[in-house]
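**Student:** This is the structure I have questions about; it appears just below.
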Amino acid sequence: MQYKKLADTNIKIPEIGLGTWEYRGGVEPLQKGLSLGAFLIDTAEIYGTEEIVGRVIEGKRDQVFLATKVSPEHFDYQAVITAANNSLKRLGTDYIDLYQLHWPNPDIPIGETMAAMDKLVSAGKVRFIGVSNFSLAQFKEAQSVTENKIVSNQVRYNLVDRRIERELLPYCQKHNVTVIAYSPLAHGMSNLKTKLGGHVLEEVARDAGKTEAQVALNWCISRDKVIAIPKSNSSQRTTENCNASGWRLTPYQIDLLEDSTRRAIPTGLARRAS
Ligand code: NDP
């Protein structure tokens, strides 16, 4: 496993972490991931997986970087504090490493939400503040009303969804904000392969001597400041995903993958036009 710095802190996080949305694998796959150096676990109050994560980290809390999220309906000041306390209980710990706003909520002033996040930091319940699904404008607004640096934005990023490359990713790279790529396998290899089309993933996997999932994940983490958090219910696939780190696709292999992504759009448009 290779590591990247969390934003401009001295904390190192693994470039492959462990997602837990729809996670139903019990303790083993997550334990397997931890044993392979994927010590960042991502959950959320809404996932219903904080308890199982709590069981996984029991007795090894200091070896895990724990990320969870508060839901937008809990963004008023007191609700943020309550949600954090409830997550801490379910996780069986007294601090969260990275507490993230799950989605923006335009109905609640961001200053109120961030004041609660800052309070959690000063109380020692949260180490770092992150956001998720924030556009660049929303990110800047949140940062402008926060005492602490927002260290990360968790957003959808994979071979067939590269929207963040327009402005969010360059901004994060320039300003040292970690991008946590969610759905790095497009929420399932069949989605990824259908949208990508052709045989490029197979070809690059053969050329690299890796699996298709490993190629897709390695492509994400080949970007500066980006880590990826695939989810798997299986220890075997978790092992495969962890082994997406520790090597790099060649520039030629990356070009092949990206050419195919670019070609996928005009081809689709042409088909619709005909
Ligand atoms: P992923 O892109 O990680 O894909 C998960 C799917 O791929 C599952 O069906 C899984 O099946 C399968 N899979 C995993 N590894 C492999 C492999 N090596 N080979 C073949 N298939 C594989 O999707 P997610 O949407 O779950 O995203 C990952 C994580 O990102 C979430 O769990 C969550 O933590 C976070 N997330 C955050 C969001 C947000 O709004 N902040 C939104 C969505 C996700 P199986 O389990 O059977 O292995």
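A short reminder: the numbers here are calculations on the coordinates, not readings from a lab. The structure presented is a predicted model; accordingly, all values stated were derived computationally and were not measured. All Cβ positions, glycine included, derive from the backbone under ideal geometry; neighbour counts span all protein chains shown.
**Student:** All other residues with a Cβ under 10 Å from the Cβ of Val155 taken together, and with Lys, Arg as +1 and Asp, Glu as -1, what is their net charge?
**Tutor:** Result for the local shell: +1.
**Student:** Taking θ as phi - 60°, what are the ³J(HN,Hα) couplings along the range 66-71 by the Karplus curve (6.51, -1.76, 1.60), each to the nearest whole Hz, with x for Gly and Pro?
**Tutor:** Values per residue, Gly and Pro as x: 9, 10, 9, 9, 9, 7 Hz.
**Student:** Quick one: what does P(r) look like for the range 50-102 with 10 Å bins over all Cα pairs, in whole %?
**Tutor:** Percent of pairs per bin, in order: 26, 55, 18, 2.
**Student:** Given an 8 Å cut-off on Cα distances and at least 6 residues of separation, report the relative contact order of the range 1-148 as a percent.
**Tutor:** Numbers: 241 pairs, mean separation 26.1, N = 148.
After rounding, I find 18 percent.
**Student:** A further question follows. So, counting K/R as plus one and D/E as minus one, what does the shell of residues with Cβ under 12 Å around Asn133 add up to?
**Tutor:** Counting the neighbours of Asn133, the net charge comes to +3.
**Student:** Sort 163-175, 40-52 by packing, meaning the average of other beta carbons within 10 Å per residue, with the highest value first. If you can, show how the numbers build up before the last one.
**Tutor:** Details: 163-175: 15.3, 40-52: 21.3.
Averaged packing, sorted descending, gives the order 40-52, 163-175.
**Student:** Go ahead and estimate [θ] at 222 nm for the chain from helices alone: -39,500 (n - 2.57) per DSSP H run with n ≥ 4, summed, over the residue count, rounded to 500. Numbers along the way, then the final one.
**Tutor:** Details: 11 runs with 118 residues, N = 274.
It comes out at -13000 deg cm²/dmol, rounded to the nearest 500.
**Student:** Arrange the following residues from fewest to most other Cβ atoms within 10 Å of their Cβ: Val200, Val160, Val53.
**Tutor:** Details: Val200 22, Val160 18, Val53 27.
Taking fewest neighbouring Cβ atoms as first place, the list is Val160, Val200, Val53.
**Student:** With the radius of gyration and the Kirkwood radius both derived from the Cα set of the chain, what is their ratio Rg to Rh? Each step should come with its number before you reach the end.
**Tutor:** Details: Rg = 18.6 Å, Rh = 19.1 Å.
That ratio equals 0.98.
**Student:** Suppose we keep just the DSSP beta bridges with both residues in the range 90-216; what percent of those would be antiparallel, to 5? Walk me through the numbers before you get to the answer.
**Tutor:** Values: 1 of 15 bridges.
Percentage antiparallel, nearest 5: 5.
**Student:** On a 0 to 90 degree scale, rounded to 10, what angle separates helix 212-221 from the longest Cα axis of the chain?
**Tutor:** 60
**Student:** Please give the net charge around Asp94, taking every other residue with its beta carbon less than 11 angstrom from that of Asp94, where Lys and Arg add +1 and Asp and Glu add -1. Could you put the intermediate results ahead of the total?
**Tutor:** Values: positive: Arg61, Lys89, Lys125; negative: none.
Its environment carries a net charge of +3.
**Student:** Mind listing P(r) for the range 126-243? All alpha-carbon pairs, 10 Å bins, whole percents.
**Tutor:** Values per bin, smallest distances first: 13, 41, 30, 13, 3.
**Student:** Given the pairs Lys12/Lys193; Lys4/Lys210; Lys69/Lys149, which span a C-alpha to C-alpha distance of over 25 angstrom in this model? Write out the running numbers ahead of the final one.
**Tutor:** Details: Lys12/Lys193 32 Å; Lys4/Lys210 22 Å; Lys69/Lys149 17 Å.
Result: Lys12/Lys193 exceed 25 Å.
**Student:** Give me the Å³ per residue figure for the convex hull around the C-alpha atoms of the range 1-108. Before the final figure, lay out each step's value.
**Tutor:** On the way: hull volume 11.6 nm³, N = 108.
Per residue, the Cα convex hull of the range 1-108 comes to 107 Å³.
**Student:** Which residue, Ala123, Ile13, Ile81, has the largest displacement toward the positive end of the dipole of the range 1-146 when charges sit on each Cβ (Lys, Arg +1; Asp, Glu -1)?
**Tutor:** Comparing the listed Cα positions along the dipole, Ile13 ranks first.
**Student:** Next question. Give the order of Cys242, Cys220 when sorted by the count of other beta carbons within 10 angstrom, beginning with the fewest.
**Tutor:** On the way: Cys242 26, Cys220 22.
Fewest-to-most Cβ neighbours within 10 Å comes out as Cys220, Cys242.
**Student:** For the range 99-229, what is the relative contact order in percent, using Cα pairs closer than 8 Å and at least 6 residues apart in sequence? Intermediate results must be reported in sequence, preceding the final value.
**Tutor:** Details: 187 pairs, mean separation 27.7, N = 131.
Once normalised by length, the contact order is 21 percent.
**Student:** Whole-Hz Karplus ³J(HN,Hα) for the range 228-239, in order, using 6.51 cos²θ - 1.76 cosθ + 1.60 and θ = phi - 60°, x for Gly and Pro?
**Tutor:** So the Karplus estimates, Gly and Pro as x, are 10, 10, x, 10, 9, 7, 10, 5, 5, 6, 5, 4 Hz.
**Student:** Over the chain, what is the percentage of antiparallel beta bridges among all DSSP beta bridges, to the nearest 5? If you can, show how the numbers build up before the last one.
**Tutor:** Working: 4 of 31 bridges.
Around 15 percent of the beta bridges assigned by DSSP in the chain are antiparallel ones.
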